[in-house]
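The values are calculated or read from the model by the stated rules, or taken from the named source; none is laboratory data. Computed from a predicted structure; not experimentally measured. Note that we place each Cβ from the backbone using ideal geometry, even for glycine, and neighbour counts take in every protein chain shown. These accessible areas exclude ligands, DNA and RNA; they are computed on the full protein's heavy atoms, side chains included. Shrake-Rupley method; radii C 1.70, N 1.55, O 1.52, S 1.80 Å.
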Amino acid sequence: MYPYLGGGPPQIILPVNPEGLPKLPYGMTRKVLVIGGGVSGLSAALELAERGFEVTIKEKQTSVGGRYSTHKLNALGEEFQLSTGFHGNNCWAIFFKLGEKVPQGEPLCLPDPPPTKDQRSKVKLGFHHGSVVCVNWKGSHNDSAICIHWKVSELFSILCPLDGFSQWISLLCLINGPVLRIIQHSVSIGWVPTVVQHAMFNLNSLTPVFTITNNFREYARIWVLRNTMCCWPDNHFAFRDYEWENVYSSGPWPLNLLAMIIRSPNLSLWTAIKTWRVSLGFILYNHGSLYETYDNLTYDEWADMYGVVPEFGDIWLKAGISASFDEVSSFSAAEFLLFSHFYFLSVAEAEHRDYSSVDSGTSLINPWVEKLKGLGVKFELGTAVTALGFDGSGKVTHDISDPSKLYDHVILAVDLGSAKQILSDSLEQLRERNSAVERALARIKNDLKYLDKAPPFKILKVWFDKQLERDRNHPILQTPQHSPINLIVQLHQVEQQYRDWVAKTGGSVMEFHLYCWSHGEVEDDKVWEIISPTVREIYPEIFDSNFKILASYVKSGDSCASFKNGTAQHRPRAIFPSKCGIPNLGLAGDWLRTDYPSALTERSVSTAIESVNQVLLAEGIQQVPLTVTTSFGPGFI
Ligand SMILES: Cc1cc2nc3c(=O)[nH]c(=O)nc-3n(C[C@H](O)[C@H](O)[C@H](O)COP(=O)(O)OP(=O)(O)OC[C@H]3O[C@@H](n4cnc5c(N)ncnc54)[C@H](O)[C@@H]3O)c2cc1C
């Protein structure tokens, strides 16, 4: 029983074969087919190619990236690189681990975004609120170094008058941090006996802005982040029934939560007291029993059962679910608790969002592809894989008519809809009946029939001739009560290309995220018409001041997965096909189930590594260690 005082430290799932070779021996060839070129497919390809495997990526689109892909748009006399849609990620630990391996080219050194009203006072010295000041010194142990990251916001708590509760908390962190870290460092170099190490392990979580590192790896990670990513700690929310909120987290749990309640114009400490039963679900989070305990309930049923105070549910809890692309009413209570744990309670820096100042192609996908090409990865673009074929010797092909294209291993890294179709067609077209492969495919197909896609989404970008007033110009505004609008991004606050255009024209570029789209197939130019009444509720000035639309662009998709209650028992894990009898087939994607908390991009990347590890184990190559979020909430475990 270890008492956790905040989100616990991450877990590392170590290789089960530490004695394995670092890579394939010279002269040995192993061919792997990766189907799907999204982040899950690219992650799998990178790990395998680095270990000497001959990797081919087959992607149905003419470019890779999946939901992170970009394309060109010529409009208003300019060429824009459009990302599918704004991604604001936190918990990118694994992602940035990959980022370390991807060449970054010239540092982009983009200026920080202009401050919002709330941040103006904090950036007056020219720092971004989330900038990191790093002080390193080497310990006497050769391998380790202590790296202390002072968030500029923390320094401000010293330099500026202490003007708020969260600043006091930050100050507390600052005072405690170095002392704890120095003791911890003593532990790491063997000055402190083991019994104290357990205590330190728990204290570690008290001061999350301070990190102890080996060989500056953590620092390198932040350097990647600093070159291509910005961090925006505030989250603005617009509600129909409540005052607008600016939610941000600062300081250790549970003081960060308390401070958020105190700052809220809608919630009071009394709300917190009334929700103590709900809090237990978060505090005593245990991933091992999560699905068994909560998956049969919908979020709504869970909220009724635990007496969630309506405003607390509307403002904090439902807002998180609506970002999942799925229907709130049928969303599994287990997945909801997982989201809350993963995106909030396990990280004291929760509510901070890292986002790219350039399109996702430039910041991520293009350098990644270059890296893969350098490792010899082949790309076959523009044709969808329809089915898999299995030959008698256990090899797999994507082209049943051409058995010369045989692979030793296949990783299916496509979205749920495509995975269902490919596996079902593979079963139908199977040549060898009554085989172990047939039974395995039938079993997988049977489970997948319980899983559905989330409703379609649309991302609408609009170029206007005018701008909102500065204090209404929130870079990212979440709108959980204004369905189908879920999020509005002022792209010119976020990405450099739009900032340049706005500087020349005085206009603005807004992106509307429309999840759970229920208006069916409509012409792109009808989308604005449909959402206009809702936009008017949020930003009436767009209509009152006659903003003119200069250009617009709609991206539609239906590749996100639904997490309806009661489906977890049918949700396969990455290595499920091998458990069923196809040892050289793995799955990867954000629709799978993991034995540790993960969601969206993080789940895609983690499951890809799980599938890679299955290949590595089979071939006697040492597996990739997997860093994952703690499986336990900040209560007693
Ligand atoms: C607008 C938007 C905002 C988002 N924001 C966030 C965020 O803030 N944080 C976060 O963590 N996540 C976010 N996500 C989710 C994130 O993008 C996904 O979780 C992640 O990109 C999924 O990657 P993937 O590789 O598993 O799937 P995908 O990106 O869907 O890639 C699958 C690939 O397989 C290809 N494919 C499909 N069928 C076939 C076939 N038959 N043959 C060959 N290829 C095929 C597809 O074309 C695609 O390229 C967001 C998603 C969207 C759309």
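Hull volume per residue, based on the alpha-carbon atoms of segment 495-637 and their convex hull, is 241 Å³.
Take peptides 609-618, 530-539 and line them up by average Cβ neighbours within 10 Å, highest first, as a rough protection proxy.
Per-residue Cβ counts within 10 Å, averaged per peptide and sorted highest first, yield 609-618, 530-539.
The radius of gyration of the Cα set in segment 274-411, together with its Dmax, comes out at 22.5, 66 angstrom. In terms of the mean number of neighbouring beta-carbon atoms within 10 Å, the peptides 374-382, 236-244, 321-329 order highest first as 321-329, 236-244, 374-382.
Ranking ILE12, ILE575 by solvent-accessible area of protein heavy atoms (1.4 Å probe, all protein chains present), from largest to smallest, gives ILE12, ILE575. Each of ILE582, LEU617, SER606 was placed along the dipole of segment 568-621 (beta-carbon charges, centred on the mean Cα), and the one lying farthest toward the positive end is ILE582. Placing a label point 7 Å from the Cα of SER532 along the Cα-to-Cβ direction, the residues of segment 461-490 with a backbone N closer than 18 Å are 461-466, 484-485.
Grab the beta carbon distance between GLN569 and LYS373, set R0 = 51 Å, and tell me the FRET efficiency rounded to 0.05.
My answer for the efficiency is 0.80.
Potential lengthening of the chain between ASP402 and LEU280 amounts to 38.2 nm, from the contour at 0.36 nm per residue minus the alpha-carbon distance.
Taking a ≥ b ≥ c as the square roots of the eigenvalues of the alpha carbon gyration tensor, segment 520-569 is prolate, as a/c is not under 1.5 and a/b beats b/c. For segment 455-557, the Kirkwood radius over C-alpha pairs fed into Stokes-Einstein at 4 °C and 1.567 mPa s yields D = 94 µm² per second.
Computed from the Cβ-Cβ distance with R0 of 56 Å, the FRET efficiency linking GLU292 to LEU76 stands at 0.55.
Distance between the pseudo-spin-label points of GLU50 and GLU428 (7 Å out from Cα toward the beta carbon): 4.0 nm.
Stretched out straight at 0.36 nm per residue, the stretch from ILE12 to VAL522 would grow longer than its current Cα-Cα span by 178.9 nm. Of the solvent-accessible surface of segment 380-524, computed with a 1.4 Å probe over protein heavy atoms with every protein chain present, carbon and sulfur atoms account for 46 percent. Based on alpha-carbon atoms, the Kirkwood radius and the radius of gyration of segment 235-345 give Rg/Rh equal to 0.93. The modelled label-to-label distance between ILE549 and ASP465, using points 7 Å beyond Cα along the C-beta direction, is 1.5 nm. For the cross-link pairs LYS23/LYS60; LYS395/LYS579; LYS31/LYS371, the ones whose C-alpha atoms lie over 23 Å apart are LYS23/LYS60.
So which GluC sites (Glu not before Pro) in segment 455-511 pass both tests, a DSSP loop state and at most 12 other Cβ atoms within 10 Å of the Cβ?
For GluC sites (Glu not before Pro) across segment 455-511 that sit outside H, G, I, E and B with at most 12 neighbouring Cβ atoms in 10 Å, the list reads GLU469.
Shown here for segment 489-533: trypsin sites (Lys or Arg not before Pro) in loop regions (DSSP other than H, G, I, E, B) with at most 12 other Cβ atoms within 10 Å, of which there are none. Per residue, the accessible area of segment 495-594 comes to 42 Å², computed with a 1.4 Å probe over protein heavy atoms only.
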